[in-house]
Amino acid sequence: MTSTRALLMVSGGIAAYKACFLARLLLQAGFSVKVAMTEAATRFVTPITFEALTGHSVATDLWGEGQSEALDHIEYARWADIAIVAPATANTMAKATHGIADDIVSTLLLAFGGPVLMAPAMNDNMWRHPATQANLQTLHDRGVATVGPGDGWLACGTISEGRMSEPEDILAAALEMAGSLKGLRPDQHPRQEPSSIQSGFWTGKKVLVTAGPTFETIDAVRFLGNRSTGAMGFALASALIQSGAQVHLVAGPTAMLPPRGLVQTDRIQSACEMADAVATGLQAGCDWLFMSAAVADFAPKEIVDGKIKKESMQGHWSLDLQGNPDILAEVVPVHRTDETKVVGFALETEDVLNRAASKRQAKNMDYIVANNPTAEGAGFGGVNHQVTLLGSDGVVWQSDSVAKSKLAWGILNNLADNEKDTEYDPRG
Ligand code: C5P
């Protein structure tokens with residue numbers, strides 16, 4: 001099967017640096033990628049970066065100046081199956097709306113006849129301006145898809161709407177676009193595609209998601225933590241929101257920004273705080289709980305008020321630790337109802353599936369997502385991950401090594417399919 005050819009067009013915003021990461025994700029996901037940049041974009045990131053990433057010349061102007069070989073730049077528009085504009089600045093969106101073709105990106109956009117995905121990124125006032133909103137409406141009416149923008153830190157120093165979506169979310173939207181491009185009916189989409197949106201399984205469901213690490217305080221400056229970034233839980237929360245679920249996120253300390261559209265967000269530090277937030281979330285009513293947080297198993301027995309002086313240790317320090325509450329084993333059973341479905345996560349490095357299956361039973365979970373962080377194509381902090389979803393009848397789904405955003409869709413689709421199969425099983 002030939003890969004989908006994506007033309008990545010980068011316009012001039014600070015988010016241009018994130019487009020490098022997006023290019024890599026697109027390549028890893030199997031797209032062929034060529035890049036075009038506005039002059040302003042080249043002020044933020046050099047075309048050489050994209051050339052090195054994609055192995056192709058980068059189109060930066062209409063005249064082929066500064067290129068080692070003459071380029072027929074319109075050829076990029078003929079070559080591509082889909083076009084992705086990330087970041088899409090207010091200026092580039094305005095030009096696309098009005099058919100202006102005065103630089104390489106706007107010219108290619110006008111020359112390109114296929115599906116276009118834009119990831120807007122700009123100052124919040126520019127985003128909210130009636131001109132930009134009217135342009136957005138026109139682009140949508142013409143069938144241009146958009147992803148984001150999200151809330152978060154903007155380069156102008158405010159926290160507001162206008163921040164470009166994370167590359168993983170743009171990739172997920174590009175994969176969706178590529179899937180429909182291949183002429184597949186929704187029911188023929190590979191199981192990783194968001195078919196659970198179409199099935200409506202998650203629509204209106206109340207879902208509690210935990211994500212990230214917990215930090216256990218030692219003293220005024222030190223803590224015990226782990227390498228979890230929260231990416232898996234945040235990807236699940238994001239996919240659930242897009243599927244119409246009402247999502248309450250309980251997140252440990254992570255640099256990740258929560259997706260837009262959450263019903264409630266609790267930022268916690270320690271396992272005990274997470275236990276309290278989960279108890280409250282379950283009491284409020286919950287159809288599904290995803291415990292994807294990497295909860296610390298132990299915490300210092302005593303928290304020291306000030307900073308412990310290293311001189312007081314004489315070169316050696318033993319910390320006295322005590323066990324944290326096991327949220328799944330001790331807190332969830334008290335507050336869940338019989339209808340609450342519980343999905344846990346197991347990180348194992350040996351005998352992964354057997355250990356995960358025993359853990360599922362021991363902690364009374366309906367499903368468990370087993371993963372081995374030391375396996376090739378998996379692990380903390382990485383872009384890709386590989387998991388196995390287990391239910392009461394064994395393996396429900398085994399993923400390839402894919403981006404965590406794609407994995408989230410795979411988990412949700414397969415849970416939805418499995419629940420529907422169980423519901424309608426004539427054997428009862
Ligand atoms: O026993 P183990 O820590 O491997 O179990 C992992 C699962 O249990 C994860 O879903 C994690 O969120 C959850 N967990 C918990 N409370 C703890 C430790 C882990 O709920 N104290």
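Derivation of every value follows stated rules applied to the coordinates shown; laboratory data play no part. Quantities reported herein were computed from a predicted structural model and do not represent experimental measurements. All Cβ positions, even for glycine, are placed from backbone atoms using ideal geometry, and neighbour counts span all protein chains on display.
Tabulated data
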item	result
Sequence of Lys18, Lys359 once ranked by neighbouring C-beta atoms within 10 Å, starting from the fewest	Lys359, Lys18
Taking His335, His98 and counting other C-beta atoms within 10 Å, the order from fewest to most	His98, His335
Rounded to whole Å, sorted largest first: equivalent-ellipsoid semi-axes of the chain, Cα gyration tensor	41, 27, 20
Cβ-based exposure ranking for Tyr367, Tyr17, in which fewest neighbours within 10 Å come first	Tyr17, Tyr367
Bridge type composition, the chain - antiparallel percent by DSSP, nearest 5	30
Relative contact order (%) - criterion: Cα under 8 Å, at least six apart; region: the chain	11
Cα lying deepest toward the dipole's positive end in the chain, options Met118, Ala416, His98, charges on Cβ	His98
Quarter of Cα convex hull surface for the range 207-261, i.e. mean projection, nm²	3.9
Fraction of antiparallel bridges per DSSP, the range 216-338 only, in percent to nearest 5	55
For the range 267-421, share of DSSP beta bridges that run antiparallel, in % to the nearest 5	55
Candidate lysines - alpha carbon under 29 Å from Lys310, same-chain residues fewer than 8 apart omitted	Lys301
Alpha carbon centroid spacing (whole Å) that separates the range 283-314 from the range 27-49	42
The range 1-147 - percent relative contact order, Cα under 8 Å, separation 6 or more	25
Computed [θ] at 222 nm, deg cm²/dmol, the chain (DSSP H ≥ 4; -39,500 (n - 2.57); rounded to nearest 500)	-10000 deg cm²/dmol
HN-Hα J in Hz across the range 275-285 - Karplus 6.51, -1.76, 1.60, θ = phi - 60°, x for Gly and Pro	4, 5, 5, 5, 4, 5, x, 5, 4, 6, x
